[in-house]
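Here the structure is laid out as structure tokens; the discussion comes afterwards.
The values are calculated or read from the model by the stated rules, or taken from the named source; none is laboratory data. Just so you know, these numbers come straight off a predicted model, no measurement behind them. Here the Cβ positions follow ideal geometry from the backbone for every residue, glycine too, while neighbour counts run over all protein chains shown. These area figures cover heavy atoms from the full protein model, side chains too; ligands, DNA and RNA do not enter into them. Shrake-Rupley method; radii C 1.70, N 1.55, O 1.52, S 1.80 Å.
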Amino acid sequence: MMKHRAAYVAFDRFPSSKGSAVHIAQMADELFTRFGGGLLGVLGGGDLPRYQREGTREIARFDAQVPNLIDRAEAFSRWVAGHLEPHRDTLEVCHVRDPWSALPAIGDGRRHKVVYEVNGLPSIEMAHTWPWAAPRTLDKIRELERFCLERSDAVVVPSRVIGAAVARFGVPDGKIHLVPNGAEIPDRPQRPADAPERYVVYVGALQPWQGLDVLTRAFARLADLPELRLVICASVPERRAKPVRRLAERLGVAGRIDWRFMLPHREIAAWLAHAEVSVAPLTGCARNLDQGCAPLKVIESMAAGVPVVASDLPAVRELMADGEHGRLVPADRPAELARAVRILLEYPDEAAAMGRRARRRIEQDLTWTRSRALLADVYRTIAPSDR
């Protein structure tokens with residue numbers, strides 16, 4: 001059996017068409033490059049194999065069918081403990097993304113260091129994804145988060161907003177490291193063969209906090225532009241689109257919306273590159289305000305040289321500036337969102353200039369190469385000796 005010096009564990013399906021998979025691929029690759037391979041423990045299912053070996057890297061996938069989310073998370077945590085145990089005497093760094101992954105990694109007597117990467121806080125996020133959760137359940141999850149954060153050796157966050165949320169748990173500033181999301185700077189891909197002549201694009205998942213209802217209502221206000229279409233590149237299966245599609249039908253715009261589901265990342269890049277505007281209509285809920293995020297849809301749109309219209313939220317302001325890289329509008333305001341899109345369409349030269357400035361912003365500050373270098377610094381700080 002191969003003994004590993006590093007492990008990366010996430011309660012996320014991998015690979016997938018979601019932005020989290022892009023992030024996991026980059027972060028795990030940096031970890032395994034530094035430590036000569038490692039164990040990647042993730043969620044599986046579908047046609048993904050339970051075990052997969054790629055040279056010195058081993059991928060193990062948890063695919064047990066456990067309907068209840070909390071029960072599934074606890075079962076995953078037990079599964080992680082079993083997969084880490086054979087490597088206890090060689091493991092130097094365990095990088096985790098959530099409390100279910102962290103709990104089995106932070107036990108007493110460990111010789112390895114733990115990097116806890118906080119992209120979201122389940123105690124906040126589950127109030128939106130699982131609205132029937134009892135308050136005492138969320139309180140227990142919050143205490144679990146606190147326990148895991150306290151016992152981790154370093155905490156990595158993608159934005160200053162979520163860094164502030166972590167600090168409210170009592171985590172000292174010196175333990176919190178900002179490693180933002182990034183993007184590759186692509187060559188301009190070919191236009192998708194079935195792309196409409198003029199379109200605005202949305203890329204990402206369809207949870208309520210993503211603001212697809214706001215975007216649909218905004219698009220209905222652009223009905224006087226009959227040649228303009230909205231392309232939605234959804235990272236989830238088609239069945240998840242039913243609420244948005246029903247709203248589009250009620251508003252009379254269903255026939256002007258083109259849906260694409262679970263596209264490979266390279267195809268999404270092509271849809272972004274040839275859009276007139278990319279839209280990120282995040283809502284002003286606690287999930288987006290209190291814990292923040294570093295939305296890849298914004299970063300990758302900017303990297304493609306496309307002007308972005310996004311909600312004016314603190315985490316988004318870390319990535320782009322109003323009037324320089326696109327437009328920031330108040331969250332949950334369809335009329336404001338539609339107006340911002342209309343202005344960019346009416347002034348294409350200025351919109352193109354915003355897109356060029358957005359691309360330069362990513363080139364200078366937000367590439368995956370730079371983010372991985374920052375992560376490598378974290379590893380060097382907590383585990384300085386390479387053996």
Subset of segment 275-288 that is crowded, with 18+ Cβ neighbours inside 10 Å and modelled with pLDDT under 95 - its residue that is nearest to T129 (Cα to Cα): R287
Filter segment 166-224 for residues that are over 30 Å from L247 (Cα atoms) and without any contact (Cβ under 8 Å) to a residue 12 or more places away in the chain; the one that is least open to solvent (accessible area, probe 1.4 Å) is A167
So G292 fits all but one of (1) surrounded by 24 or more Cβ atoms within 10 Å (Cβ to Cβ); (2) at positive phi; (3) at pLDDT 95 or above; what number is the exception? (3)
State all residues of segment 325-370 that are in contact with a helix residue (DSSP H, G or I) (Cβ under 7 Å, 6 or more places away or on another chain), touching a residue at least 60 places away in the same chain (Cβ under 8 Å), open to solvent by 20 Å² or more (accessible area, probe 1.4 Å) and part of a helix (DSSP H, G or I); if no residue qualifies, say none. P334, R359
